[in-house]
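Notes follow once the structure below has been shown.
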Amino acid sequence: MERKIIFFDIDGTLLDHDKKLPASTKKAVQLLKEQGHEVAIATGRAPFMFKGLREELDIQTYISFNGQYIVLNGEVLYKNPLNKEELQDLTAFAVEHDHPVVYMDHEDMKSNIEFHDYIESSISTLKIGFTHPHHDPTYFKGREIYQSLLFCTAGEEAPYEEKFKKFDFIRWHEFSTDVLPKGGSKARGIETMIEKLGFDKKDVYAFGDGLNDIEMLEFVGNGVAMGNAEEVVKEVANLVTKDVAEDGILHGLELVGLLK
């Protein structure tokens, strides 16, 4: 079979609803690699949040922060950090409105306040080994920040969207919104990577379930939505596989003909 490249989202795609890696998914990824295909991760997570998963699946190529930090075979291919001046202004605005902020680079995450229930409630759902990042209000100074988290309830991000035009705001939790460089996406990251590797779109596959996967599934030649995906995600996909907890990855790879 002609060599393909397959991108997998993490939460709800590679990992099930309990943030566990199904045995069938691990085997499917292994089979893809044995057949000579390129396997990559495309996630909104920071690299330090899925180091263990990369090691378990032996995947050294990934798109993280929804396209802002791209690594190809263990080497950084592309970086797109948040504008520092805009981030400083956003922080000041957030402090005025009692909205906590978390700063994330490829190695760590820090909070601008010591503790907040919204931070703990949302971070705990990621099951990354801790429920609240350490306090360091100056973490964004002197380093590249690829994503921030703004903690507020639905609708409260509207003034930020109006005021900070260099950023995109994408809600992922009832208490938290991602803050990303304007126009960045998994799709942009995939485009950068396949241009470097020389893949045609027809040979590019992507699996996802979330709202931040929509552009990715639309962009690639073969977009597969998980059975547990939101309806708007399923509508843009070429195919819909089973729920992640029902061997959805293995079934989806069989559906598209990459595994038998």
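Just a few scattered comments:
- DSSP bridge orientation in the chain - percent antiparallel, rounded to nearest 5: 55
- Its DSSP H runs of at least 4 residues, each contributing -39,500 (n - 2.57), put the calculated 222 nm mean residue ellipticity of the chain at -8000 deg cm²/dmol, to the nearest 500.
- Remark: for residue pairs Lys166/Lys202; Lys20/Lys242; Lys79/Lys110; Lys20/Lys141, the C-alpha separation exceeds 26 Å in Lys166/Lys202; Lys20/Lys141.
- C-alpha long axis of helix 186-197 to longest principal axis of the chain, angle in °: 50
- For the chain: rounded, prolate or oblate by the Cα gyration tensor [a/c cutoff 1.5]: prolate
- The Cα atoms of region 197-260 give a gyration tensor whose axes a ≥ b ≥ c have a/c of 1.5 or more with a/b no greater than b/c, which makes the shape oblate.
- Modelled spin labels at Ser24 and Asp58, positioned 7 Å past Cα toward Cβ, are 2.3 nm from each other.
- Probe 1.4 Å - accessible area at Glu161, Å² to nearest ten: 80
- Protection proxy ranking for 53-59, 103-109, using the average of other Cβ atoms within 10 Å per residue and placing the highest first: 103-109, 53-59.
- In the chain, the longest principal axis of the Cα atoms and the axis of helix 23-34 are about 70 degrees apart.
- Between Val224, Val232, Val29, the Gaussian network model of the chain with springs among Cα atoms under 10 angstrom shows the greatest mean-square fluctuation at Val232.
- Once the C-beta distance of His134 and Glu195 is scaled by a Förster radius of 45 Å, the resulting FRET efficiency is 0.75 to the nearest 0.05.
- Comparing mean-square fluctuations of Phe48, Phe151, Phe65 from a GNM of the chain with C-alpha springs under 10 Å, the top value falls on Phe48.
- With respect to the chain, whose longest principal axis is taken over its alpha-carbon atoms, helix 84-96 is tilted by about 60°.
The values are calculated or read from the model by the stated rules, or taken from the named source; none is laboratory data. Quick caveat: nothing in here was measured; it's all calculated off a predicted structure. Note: ideal-geometry Cβ built from the backbone for every residue, glycine included; neighbour counts use all protein chains shown. Accessible surface areas use protein heavy atoms only, side chains included; no ligands, DNA or RNA. Shrake-Rupley method; radii C 1.70, N 1.55, O 1.52, S 1.80 Å.
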